[in-house]
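Enquirer: After the structure tokens below, expect a handful of questions from me.
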Amino acid sequence: MKRIAVSIRNRVFSESVMMMLLQTGDFRPIRIPSQPLDMILVECQSANPEIVLMDVTPAPPETTIAGRLNLIERLRLELPYCKMVMLCDEVAYPQLAREVMRAKQAGQIDAFFYASVTAEYLTAALDAL
């Protein structure tokens, strides 16, 4: 059973992802805050997840692409084996979606998903990480 830390700012979306992950039986999701940075670091150290799934949004600063990449840089020092995964809304924020894709190309993250992805695909892809 994989431990997944879920850091999604939108509470409704976060709850949906948590329920979806729980229903598969293959994951043990742990909700962590989306801000502030220090609290996320402490929660991730405590939870010791195998995957951190975080959303990327244009604001607040902690959830922007720059904020999330800064977080990932710090998390990799503490949890070097942990996979870092970003989730973004490609319809609402197409430019941000391209930046997330480029972060994957540059090796800054391990995977990314768009918000329009099906639950089945998301869970299968996360399980394959």
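Enquirer: What figure in square angstrom, to the nearest 10, would you give for the accessible area of Tyr121 with a 1.4 Å probe?
Expert: The accessible area of Tyr121 comes to roughly 130 Å².
Enquirer: Could you tell me which residue out of Ile72, Met20, Pro60 lies farthest along the dipole of the chain toward its positive end? Charges go on the beta carbon: Lys and Arg +1, Asp and Glu -1, centred on the Cα centre.
Expert: The listed residue farthest towards the positive side: Ile72.
Enquirer: With θ set to phi - 60°, apply the Karplus curve 6.51 cos²θ - 1.76 cosθ + 1.60 along the range 51-64 and write out the HN-Hα couplings as whole Hz, x wherever there is a Gly or Pro.
Expert: Per residue, the Karplus-derived 3J(HN,Hα) values read 9, 10, 9, 10, 8, 10, 9, x, 7, x, x, 5, 9, 6 Hz.
Enquirer: Sort Val42, Val117, Val17, Val91 from largest to smallest accessible area, using a 1.4 Å probe on the heavy atoms of the protein chains.
Expert: If we order Val42, Val117, Val17, Val91 from most to least accessible, we get Val91, Val42, Val117, Val17.
Enquirer: Okay, next question. Taking the Cα centre as origin and putting +1 on Lys and Arg beta-carbons and -1 on Asp and Glu beta-carbons, what dipole magnitude results for the chain, to the nearest 20 debye?
Expert: It comes to approximately 100 debye.
Enquirer: Suppose only helical runs count, i.e. DSSP H with n ≥ 4. What mean residue ellipticity at 222 nm does that imply for the chain under -39500 (n - 2.57) per run, divided by all residues and rounded to the nearest 500 deg cm²/dmol?
Expert: So the helix-based figure for the chain works out to -14500 deg cm²/dmol.
Enquirer: Sort out for me the Cα centre separation of the range 56-75 from the range 1-20, rounded to whole Å.
Expert: Cα centroid to Cα centroid, the span is 17 Å.
Enquirer: A follow-up question, please. Restricted to Cα positions, what overall size does the range 1-61 have along the principal axes? Three whole-Å values, descending.
Expert: Cα extents, longest axis first: 34, 24, 13 Å.
Enquirer: With a 1.4 Å probe and every protein chain left in place, tell me how much accessible area Arg9 has, in Å² to the nearest 10.
Expert: So the heavy atoms of Arg9 present about 120 Å² to solvent.
Enquirer: How long, wide and thick is the chain, going by the Cα atoms along their three principal axes, in whole angstroms, largest first?
Expert: The Cα atoms of the chain stretch 34, 31, 27 Å along the principal axes, largest first.
Enquirer: What list of ³J(HN,Hα) values in whole Hz, one per residue of the range 13-25 in order, does the Karplus curve 6.51 cos²θ - 1.76 cosθ + 1.60 (θ = phi - 60°) give from phi, with Gly and Pro shown as x?
Expert: 5, 4, 4, 4, 5, 4, 5, 4, 5, 5, 5, 5, x
Enquirer: Compute the relative contact order of the chain as a whole-number percentage, counting only Cα pairs closer than 8 Å that sit 6 or more residues apart in sequence.
Expert: That works out to 22 percent.
Enquirer: Tell me which residues come under 5 Å, amide H to amide H, from Phe112 once H is placed; ignore anything under 5 positions away on its chain.
Expert: Long-range HN contacts for Phe112: Met86.
The values are calculated or read from the model by the stated rules, or taken from the named source; none is laboratory data. All of these numbers come straight from a predicted model, not from anything done at the bench. As a convention, Cβ positions derive from the backbone with ideal geometry for all residues, glycine included, and neighbour counts pool all protein chains shown. Just so you know, the surface numbers come from the protein's heavy atoms only, side chains and all, with ligands and any DNA or RNA stripped out. Shrake-Rupley method; radii C 1.70, N 1.55, O 1.52, S 1.80 Å.
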